[in-house]
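A quick write-up on the structure given underneath.
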Amino acid sequence: MNIANRKYIIVLFILVIGVLYSLRLFYMQVIDDTWVLRAQEIAEKRKEVLPPRAVIFDRNGLKIVSNKTYYNLMFIENNIPKLDTVAFAKLINWTPIQVRERFAEIKEGEGVYRNKSSGKKTPNYQKKRAYPFLKELSLEEITNIALHLDNFPGFYEEVTSMRSYPFSNGANILGYLNEATRKEIDEDRFYRPGSNIGRSGIERFYEKELRGRKGIRYVVTSAMNNPIESYANGKYDTIAKQAPGLKLGMDITLQAYGELLMQNKKGCIVAIEPESGDILAMISAPSFDPNLLVGRRNISLNYPKLVTDINKPLFPRPLQAEYPPGSIFKLVQSLIALQEGVITEETGFPCNKSVVGCHNHPNASGVAQAVQYSCNPYFYAVVRKIIQQRKSKNTFTDAEKGLNLWHSYMNSFGLGKKLETDVSGQRPGLIPDSKYYDRIYGRHQWAFSTIRSISIGQGEIKLTPLQMANIAAIIANKGWYIEPHFVKSIGDSGPLPIYQKKNYTMVEAKNFSAVIEGMRRVVNEPGGTGSAARLKDIMVCGKTGTVQNSQGEDHSVFIAFAPMENPKIALAIFVENAGAGGTWAAPIASLIIEKYLLSKISDSDKEKRIIEATLSNFNKP
Amino acid sequence: MRKNDSLLSKLDWPLFISFMILVFLGLATVYSVAFNEENPSIFAFSEKYGKQIIWLGASFFIGLLIFLIDADYYSKIALPVYISVLVLLVIVLFMPPINGARAWLGVGSLGVQPAEFAKIATALLLSKYISELVVKFQTIKTVLTACLILFVPALLIALQPDAGTLVVFSSFLFVMYREGLTFDPIILGVLNTIPGIKFKSTWLGNHFIPVLFVFLFLCIITLVLSNVQFHLWGFPNNTFQGSTGVVLTLGSISLLLLLFIRRISSRRDRPRMILVIALGFLITASISLFVDKAFSGLAKHQRNRIELVLGLKEDPDGGDYNRNRAMAAVGSGGALGKGYMGASVSSIESNHVPESETDFIFCPFAEEWGFLGSIILVATYMFMLLRIIFIAERQRAPFNRIYAYCVAMILFYHFAINIGMNIGFAPVIGIPLPFFSYGGSSILSFCVLVFILLKLDSQRIDVL
């Protein structure tokens, strides 16, 4: 073979490489998009920008939940040339050992990467990444540190935003935020490790409305993870948007006043505007300053204290405490009996103390008087007539039918079920039906005589204070209610449709007048049990309750609405282990009504007595 | 003046223009990668593009000098140049190391790398030696002498260490192949001891160098397949190793050849042909098995390295960082690229792709210009290389031809390895892309390499 022909072999080599590379480049750049995705992964970072959480206003436009700026002290290990641990510890008022421990903690804790599908945890601490060394520093705290940060390269401050409560009231209702759990992060892509999420109360219920819209910035980042420029001049970026403010029906002044009245006591106050269903105030006593549960530092410091406090300040009583209602329940019994036609407004029953105990009062010759005197035997007779209507010959089947009818009446009053209130953590209370008693006594093994204590709101009956206040609102409205709710309006959108709808009870409006008259007499007539709620300028209608219970002294209960004509406020007061309803709950109700309607207090002695009282069951620290 | 007229008319314009296109694209890419807003002028000499301009200016000035020197002179200065470069290569070994290699003479941006110029010196001396031989370039003595010319600078460069340039030195083997290098003396010495065989030359001996590279390719295939388990229905255990697969494939090819032996050889040649096929099978099969065994006998870190290069293992943020980032940059360019100055993965400030202005300069180019730019670049290089071979073959003087082949093969190696490591076809060994990569020594040496060729070619008629 001629040696000169070898040039063809060499040319062949060159051409093969040229063609091979061209094909490879065509595949890599035009066909396969693996590398486009890889490049995005490497250099184009999505930076999420969280908007501040929406602000919450009270009914008069006062800011009750807002945001405050806090600072994190961040560090990037790669940017720390050599840390003078002793000087740094001195700057942040720690010991050098604590500083070293914190570094170790970050490496093992916050640097851990968890695989979503397998759940496996692998250390993923990266020296080029930023981690918070100290979190949630106040302006003063960071100012002291920031002055000297020049001496500690690799450390810098970062701004964050956290909740702030200018009024320090309503902690149980407003709720608090804390870090999203692993499950929440997995379920909703909005959250990242360290994100805050509404943990209770309104913050939790309205989480989606409050959190706003995340902004996303696409930036080109360097190998050191530092942003260099915005990607495509920000063409794909979205701006973080704070959600519109939430306007509550709550009157923060009233809420604060209620908390003041309830200090050193256990119990609750719930006030509703009957016409709109707005919750004006919801006091759970004892309460705490909501600022105690802002941010990780505060929560880890204060939460254990609150959770172990024997007065249970974290327990949202108006929503979750299920109490026997006592005599206030007689109002509903009267209404059902009148609607069913088993009695008339003029029906009288003797006060027969052999059936059930009662106090000394004249025989009631009608519904209004029976309410005024709160006559126990009277309501035994009334409820017997509801349950045993003689529609069936067998007493037991008759009782079964009667109880179920009664139960559906109770449901129409929002009892025995959760109300559609916009807050998480409600309890339904308990209104027994036939199945309930079948489970206890067996089918057709019980009749009215077995279950008679339900007539006077004792026995199995359980209501939450919110439900009690709603009864007052229903009576004030003569037969209907709007689901009690906190949020009047999200931004300017007005009340949600569900909070514009009137829910009618099974009792017609015409049957309410006798009961309302009775409630007027309770407060305003001699011999009424609620005279302590009487006000000179306002016609208050109310009903006391004194609930026997196994935990000691009776609970003091009072529900009321005012003024009698065109009512503006309906409320329930529940004071645990305080004694008779007229002694504690009634005066508190009058103070709340006066404060709300007139913004002044006429009887300062009454106010002083209530504020200064410390009830025996309250454990002072 | 007749002389000046002839210079322009005798210059090989196709080569010169393709050269200028690459120089221009290279400078534009360096400008894009190293762009600094504070010094936007391309003549900002504190920036890399400014420095590149200085080096290009110096190169063209030297080019002018080269054109003033008579072509005869280059074979005469070959030995002195070679010896002075050797001296420099020795001196550089006593310099303080930069990035772990003693490759630099001088300080900072004025430093030069003698290894870059060793390529020119070796090309000149090799051309001179082979062209002045009175015997054929096939005797053992001549081949060994030629190999010695390569080996001395290659050894000194290996000591720096500079693996990339060392690999490039093997490109001279192809030049020697073109000039008639044969391994027949060795192969025949073995083969003809077998009774009944009397070959005059073998195909293998003639084309030993290309065959060697094809064999390397075979080894790589074996390694790639060595981790793959084959499943074959009908076999007792159903699976066998990749290297066994290669052997089986080679065996089947040999069997096929034997079956069709009537078609591919005359009756007289048949015994020889059978022997060749049998030997070919035995040799390839044993190489394949040997590679497989040798590979599993390697130390773990060496094995890792090879596995990474061959893409048998993924470690995008660890050992495979450079190549992975480079491929992301190239691949993300798409069909039309991200636009000039639009590189995001391979821009120098993002620093995802290391050395994106030197060894990995193809990344920003391919990222900004996409497949369109890449194919133009590959085509320009192809054109240039084939043009140089065309020029080589039209020379009357063997010195000129051999030198032209040296230029072609050096450029080819740089092109193939540099682009190859950007697209995952070659291991990451740091060698510059000719005329593109930032760096004084490489720009200067490649320009001089081409200028000498242009000068030699322009005077090819004068040679008797």
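Values for this structure:
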{"item": "11 Å beta-carbon shell around A:Tyr437, net charge (K/R +1, D/E -1)", "result": "-1"}
{"item": "Ranked by how many other beta carbons lie within 10 Å on average, peptides B:246-255, A:50-59 from highest", "result": "A:50-59, B:246-255"}
{"item": "Inter-site label distance for B:Tyr340 and A:Lys47 at 7 Å from Cα along Cβ, in nm", "result": "2.9 nm"}
{"item": "Förster radius 22 Å - calculated FRET efficiency between A:Asp186 and A:Val159, Cβ distance, rounded to 0.05", "result": "0.20"}
{"item": "Extension gain, A:Ile31 back to A:Gln320 (0.36 nm per residue minus Cα-Cα distance, nm)", "result": "97.9 nm"}
{"item": "Net charge, A:Arg390 excluded, C-beta distance under 13 Å - Lys, Arg +1, Asp, Glu -1", "result": "+3"}
{"item": "Chain B - mean residue ellipticity at 222 nm from DSSP helices (-39,500 (n - 2.57) per run, n ≥ 4, rounded to 500)", "result": "-21500 deg cm²/dmol"}
{"item": "Footprinting exposure proxy for A:Lys502, A:Lys330, A:Lys235, A:Lys45 (fewest neighbouring C-beta atoms within 10 Å first)", "result": "A:Lys235, A:Lys502, A:Lys45, A:Lys330"}
{"item": "Within straight-line cross-link reach of A:Lys385, lysines at Cα separation under 24 Å, skipping those fewer than 8 residues along the same chain", "result": "A:Lys330, A:Lys353, A:Lys393, A:Lys401, A:Lys435, A:Lys462, A:Lys478, A:Lys510, A:Lys543"}
{"item": "Unit charges on C-beta of K, R, D, E only; dipole of the protein assembly as shown, Debye", "result": "2740 debye"}
{"item": "11 Å beta-carbon shell around A:Gly479, net charge (K/R +1, D/E -1)", "result": "+2"}
{"item": "Under-5 Å amide H pairs with A:Ile64, H placed in peptide plane, nonlocal only", "result": "A:Ile56, A:Phe57, A:Asp58"}
{"item": "Per-residue average of Cβ from other chains inside 10 Å of B:337-350", "result": "4"}
{"item": "Hydrodynamic radius of region A:458-610 per Kirkwood, over alpha carbon pairs, in Å", "result": "16.3 Å"}
{"item": "Amide H within-cut-off set for A:Glu157, under 5 Å, with H built and near neighbours excluded", "result": "A:Met74"}
{"item": "Expected 222 nm ellipticity per residue - DSSP helices of 4 or more, -39500 (n - 2.57), all of chain A, to 500", "result": "-10000 deg cm²/dmol"}
{"item": "Inter-chain Cβ neighbour average for residues B:378-389, partner chain, 10 Å", "result": "3"}
{"item": "Two-site FRET efficiency, A:Asn411 against A:Thr344, from Cβ-Cβ distance with R₀ of 25 Å, rounded to 0.05", "result": "0.50"}
{"item": "Chain A - percent relative contact order, Cα under 8 Å, separation 6 or more", "result": "14 percent"}
{"item": "Potential extension, B:Arg396-B:Leu289 segment - 0.36 nm per residue separation minus Cα distance", "result": "33.8 nm"}
{"item": "Size of the protein assembly as shown as Cα extents on the principal axes (Å, biggest first)", "result": "148, 73, 53"}
{"item": "With Cα atoms, 0 to 90° folded angle of helix A:295-308 axis to chain A main axis", "result": "30 degrees"}
{"item": "Where labels lie 7 Å past Cα in the beta-carbon direction, separation of A:Ile498 and B:Thr202 in nm", "result": "9.0 nm"}
{"item": "Förster radius 35 Å - calculated FRET efficiency between B:Phe94 and B:Asn36 (Cβ-Cβ, nearest 0.05)", "result": "0.50"}
{"item": "Lys/Arg +1, Asp/Glu -1 at C-beta; chain A dipole; positive extreme among A:Ala572, A:Asn78, A:Gly429", "result": "A:Asn78"}
{"item": "Cα gyration tensor, chain B - rounded (a/c under 1.5), prolate or oblate", "result": "oblate"}
{"item": "Nearby lysines by direct alpha-carbon distance to B:Lys51 (threshold 28 angstrom, same-chain neighbours under 8 apart not counted)", "result": "B:Lys119, B:Lys338, B:Lys455"}
{"item": "Added length on full extension, which subtracts the Cα-Cα distance from 0.36 nm per residue, A:Ile611 to A:Asp438", "result": "57.6 nm"}
{"item": "Charge dipole (debye, nearest 20) of chain B; +1 at Cβ of Lys and Arg, -1 at Cβ of Asp and Glu", "result": "2180 debye"}
{"item": "Candidate lysines for bridging to B:Lys136, where Cα separation is under 23 Å - those fewer than 8 sequence places away on the same chain excluded", "result": "A:Lys7, B:Lys76, B:Lys128, B:Lys198, B:Lys200"}
{"item": "Whole-Hz ³J(HN,Hα) from phi, Karplus 6.51 cos²θ - 1.76 cosθ + 1.60, for region A:340-349, glycine and proline x", "result": "6, x, 7, 9, 10, 4, 9, 5, x, 9"}
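Since every read-out is calculated from the coordinates, none of them should be taken as a lab result. If you're wondering where the values come from, they're calculated on a predicted model, not measured in any experiment. Backbone-built Cβ (ideal geometry, glycine too); neighbour counts: all protein chains shown.
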